[in-house]
Amino acid sequence: MHLGFSQADEAFRQEVRAFFKQEYPADILTKVQNGQQLTKQDYQRSEAALNERGWVAVNWPKEYGGTGWTATQKYIFDDELERAGAPSVIPMGLLYVAPVIYTFGTEEQKKRWLPDILASRTFWGQGYSEPNSGSDLASLQCKAERDGDHYIVNGTKIWTSQGHYADWLFCLVRTDNSGKKQEGISFLCMDAKTPGITVHPIISIDGSHYLNRIEFVDVRVPAENLIGEEGKGWTYSKYLLGHERTSYAHIAGKRADIARLKEIAAVTPGDHGPLLHDTGFARKLAEVEVDLTALEFTALRALSAVASGEAPGEESSALKILATENAQAITELFLEASGQAALPFFEDRTDANWNKNSGIPPFAAPSTAAYFFHRAQTIYGGATEVQKNIISKQVLGLS
């Protein structure tokens, strides 16, 4: 395996780095650095800047507006985006539903939805999880009954990330109760403004409004919004989840976090001098860094599969486990470095000075919020226990 980058790749890296330094909205980078919550408009401006360069749909086929980049270029782009501190694109439209639409959708559906996703004119929400279903996605009960040229949808979805921003929702709905439960699921797209759809905010433990519960009461959805065949939603959802789980790596962001940790620990008092020289803390920091290197190689293998035109397979489950556990370990070290300063909590993060209270280092409050937020990483997108079951079935050859 050749581990270096070619001259062309390095030139591409410099082009991307210059873009984020000179052309990308600087105020968005500042908000991210200060730990402030981004608005829908911030995300739209960010994605519009990327789209202006033709860089927003990194993994899309070129015929639909994608970049046509190699796996190496995609890796370099992600690396430089996170190095600059820019937010990742909102994944629900660009990374999740778009590949399902251009792979399984009709030509009319592609023309209808893909341009607006590409231009960030529409945001999408994901309707998968349901109350009392846990990680057993196939047990979903949100029902869609055919009524002429419409479906009538009733039920509830939960943990809908940024669903309060959504203009459209893509949902797994039950259209048949006979046979295996996986065979009665369909993939349906809905206009979020349709009468009968109500979004209820869920304020998470870090004080942010990121998640939502969505109720559907006699919602009429045109049958033309069905993706693919009725009853084949389980197949499409597995395709989507493969793309979702390969988007968790965030290697450069984690490397930046580790570098920041080292800076903080070098000036933070420990039991015997700076915390960075504390044997226990230094050992844990080294373990996290080694795990990140292993994660990087796993991510490169998964990206190679995508680059060859294949949907990521079960290896994406291993990637998901490694990435989320590594992220949690990093937040734990930030919390340890914060010490007693992690105790005060600041819910209002709209002001740049929100973390500048007397005697509290500026990294402490964002560290507390990040620690709480990332507790969910090993649950959403398929819990770690579920991913281990997928891996074991592949290794043991079980169906």
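The values are calculated or read from the model by the stated rules, or taken from the named source; none is laboratory data. In this text, all values refer to a predicted model and were calculated from it rather than measured experimentally. Every residue, glycine among them, receives a Cβ derived from its backbone with ideal geometry; neighbour counts consider all protein chains shown.
Going residue by residue through the range 14-23, is there one that turns out to be closer than 20 Å to Phe77 by Cα and not in a helix (DSSP H, G or I)?
Step one: list which residues in the range 14-23 are closer than 20 Å to Phe77 by Cα, which gives 14-23.
Imposing the further condition that a residue be not in a helix (DSSP H, G or I) reduces the set to 23.
Scanning the range 14-23 turns up at least one residue that is closer than 20 Å to Phe77 by Cα and not in a helix (DSSP H, G or I).
Being assigned by TED's automatic domain parsing to the domain that holds Lys157 and closer than 18 Å to Ala144 by Cβ narrows it down to one of Asp206, Asp191, so name that one.
Going through Asp206, Asp191 in turn, the sole match is Asp191.
Regarding Val217, is this residue aliphatic (A, V, I, L, M), assigned to a strand (DSSP E or B) and surrounded by fewer than 19 Cβ atoms within 10 Å (Cβ to Cβ)?
Working: aliphatic (A, V, I, L, M): yes; assigned to a strand (DSSP E or B): yes; surrounded by fewer than 19 Cβ atoms within 10 Å (Cβ to Cβ): yes.
Answer is yes for this residue.
Which residue is farthest from the chain's Cα centre (by Cα), if the candidates are limited to the range 93-125 and must be small (Gly, Ala, Ser) and either buried (at least 22 other Cβ atoms within 10 Å of the Cβ) or within 13 Å of Leu169 (Cβ to Cβ) (or both)? Even if it seems obvious, please write down each step before you answer.
In the first step, residues of the range 93-125 are kept if they are small (Gly, Ala, Ser); the result is 93, 98, 105, 119-120, 125.
Next, only the ones that are either buried (at least 22 other Cβ atoms within 10 Å of the Cβ) or within 13 Å of Leu169 (Cβ to Cβ) (or both) stay: 93, 98, 105, 120, 125.
Values: Gly93: 11, Ala98: 14, Gly105: 23, Ser120: 16, Gly125: 12 Å.
Per the stated criteria, the residue is Gly105.
Out of the residues in the range 198-238 that are aliphatic (A, V, I, L, M) and free of Cβ contacts under 8 Å to residues at least 40 places away in the same chain, which is nearest to Pro366 (Cα to Cα)?
The first filter runs over the range 198-238 and keeps only residues aliphatic (A, V, I, L, M), leaving 199, 202-203, 205, 211, 214, 217, 219, 221, 223, 226-227.
In the following step, the residues that additionally are free of Cβ contacts under 8 Å to residues at least 40 places away in the same chain were identified as 199, 203.
On the way: Val199: 27, Ile203: 17 Å.
It comes out as Ile203.
Would you mind finding the one in Ala286, Ala256, Ala299 that is under 30 Å from Leu29 (Cα atoms), crowded, with 21+ Cβ neighbours inside 10 Å and not assigned by TED's automatic domain parsing to the domain that holds Tyr165? Steps first, please.
Working: Ala286 fails: crowded, with 21+ Cβ neighbours inside 10 Å; Ala256 fails: crowded, with 21+ Cβ neighbours inside 10 Å.
The conditions single out Ala299.
Just checking, how many residues over the range 158-177 are assigned to a loop (DSSP other than H, G, I, E, B) and either farther than 14 Å from Pro91 by Cβ or among the acidic types (Asp, Glu) (or both)?
Just the residues of the range 158-177 that are assigned to a loop (DSSP other than H, G, I, E, B), to begin with: 159-162, 166-167, 175-177.
Pick out the ones that are also either farther than 14 Å from Pro91 by Cβ or among the acidic types (Asp, Glu) (or both) and you get 159, 167, 175-177.
Looking only at that region, the number is 5.
Condition test on Ile203, is it closer than 20 Å to Pro91 by Cα and either at pLDDT below 95 or touching a Ser or Thr at 6+ places or on another chain (Cβ under 7 Å) (or both)? Quick ask: steps written out before the conclusion?
Details: closer than 20 Å to Pro91 by Cα: no; either at pLDDT below 95 or touching a Ser or Thr at 6+ places or on another chain (Cβ under 7 Å) (or both): yes.
In short, no.
Tell me the residue from Ala286, Ala329, Ala352, Ala370 that is more than 18 Å from Ala252 (Cβ to Cβ), at pLDDT 70 or above and among the small types (Gly, Ala, Ser), please. Lay out the reasoning, then the answer.
Values: Ala329 fails: more than 18 Å from Ala252 (Cβ to Cβ); Ala352 fails: at pLDDT 70 or above; Ala370 fails: more than 18 Å from Ala252 (Cβ to Cβ).
Step by step, each of Ala286, Ala329, Ala352, Ala370 is checked, and only Ala286 is more than 18 Å from Ala252 (Cβ to Cβ), at pLDDT 70 or above and among the small types (Gly, Ala, Ser).
For the range 27-42, enumerate the residues that are assigned to a loop (DSSP other than H, G, I, E, B) and free of Cβ contacts under 8 Å to residues at least 40 places away in the same chain. Before the answer, list the steps.
Going residue by residue through the range 27-42, those that are assigned to a loop (DSSP other than H, G, I, E, B) are 34-39.
If the condition is that a residue be assigned to a loop (DSSP other than H, G, I, E, B) and free of Cβ contacts under 8 Å to residues at least 40 places away in the same chain, then Thr39 is the only one that fits.
Here are some conditions: (1) touching a residue at least 60 places away in the same chain (Cβ under 8 Å); (2) more than 25 Å from Thr235 (Cβ to Cβ). Pro115 meets all but one. Which one does it not meet?
Tallying (1) touching a residue at least 60 places away in the same chain (Cβ under 8 Å); (2) more than 25 Å from Thr235 (Cβ to Cβ), Pro115 fails exactly one: (1).
Of all residues being surrounded by fewer than 18 Cβ atoms within 10 Å (Cβ to Cβ) and in contact with a His (Cβ under 9 Å, 6 or more places away or on another chain) in the range 22-66, which is farthest from Val100 (Cα to Cα)? Just the residue, please.
Gln37
Take the range 43-72 and flag every residue that is touching a residue at least 60 places away in the same chain (Cβ under 8 Å) and in contact with a Leu (Cβ under 9 Å, 6 or more places away or on another chain).
Step one: list which residues in the range 43-72 are touching a residue at least 60 places away in the same chain (Cβ under 8 Å), which gives 43-44, 47-48, 51, 56-57, 59, 70-72.
Glu47, Asn51, Val56, Ala57, Asn59, Ala71, Thr72, listed by residue number.
Which numbered condition in (1) at pLDDT below 95; (2) outside any helix (DSSP H, G or I); (3) crowded, with 20+ Cβ neighbours inside 10 Å is the only one that Ala144 fails?
The failed condition is (1).
Any residue in the range 203-211 that is surrounded by 13 or more Cβ atoms within 10 Å (Cβ to Cβ), over 24 Å from the mean Cα position of the chain (by Cα) and not aromatic (Phe, Trp, Tyr)?
no
Given the options Asp147, Asp167, Asp116, name the one that is out of contact with any Cys (no Cβ under 6 Å at 6 or more places or on another chain), under 14 Å from Ala192 (Cα atoms) and of a type in the set (Asp, Glu). Break it down stepwise before answering.
Details: Asp147 fails: under 14 Å from Ala192 (Cα atoms); Asp116 fails: under 14 Å from Ala192 (Cα atoms).
Just a single option satisfies the conditions, and that option is Asp167.
Looking at the range 171-228 only, could you name the residues that are farther than 27 Å from Tyr102 by Cα and of a type in the set (Asp, Glu)?
Those that are farther than 27 Å from Tyr102 by Cα and of a type in the set (Asp, Glu): Asp206, Glu215, Asp218.
Among the residues that make up the range 149-156, is at least one of them in the same structural domain as Cys189 (by TED's automatic domain parsing), surrounded by 22 or more Cβ atoms within 10 Å (Cβ to Cβ) and either in a strand (DSSP E or B) or touching a residue at least 12 places away in the same chain (Cβ under 8 Å) (or both)? Give the steps one after another, and end with the answer.
Of the range 149-156, the ones in the same structural domain as Cys189 (by TED's automatic domain parsing) are 149-156.
Adding the requirement that they be surrounded by 22 or more Cβ atoms within 10 Å (Cβ to Cβ) leaves 151, 153.
Pick out the ones that are also either in a strand (DSSP E or B) or touching a residue at least 12 places away in the same chain (Cβ under 8 Å) (or both) and you get 151, 153.
Yes; the residues of the range 149-156 include at least one that is in the same structural domain as Cys189 (by TED's automatic domain parsing), surrounded by 22 or more Cβ atoms within 10 Å (Cβ to Cβ) and either in a strand (DSSP E or B) or touching a residue at least 12 places away in the same chain (Cβ under 8 Å) (or both).
Does Tyr128 satisfy being surrounded by 22 or more Cβ atoms within 10 Å (Cβ to Cβ), of a type in the set (Ser, Thr, Tyr) and not assigned by TED's automatic domain parsing to the domain that holds Gln22? Reasoning before the result, please.
Details: surrounded by 22 or more Cβ atoms within 10 Å (Cβ to Cβ): yes; of a type in the set (Ser, Thr, Tyr): yes; not assigned by TED's automatic domain parsing to the domain that holds Gln22: yes.
Yes.
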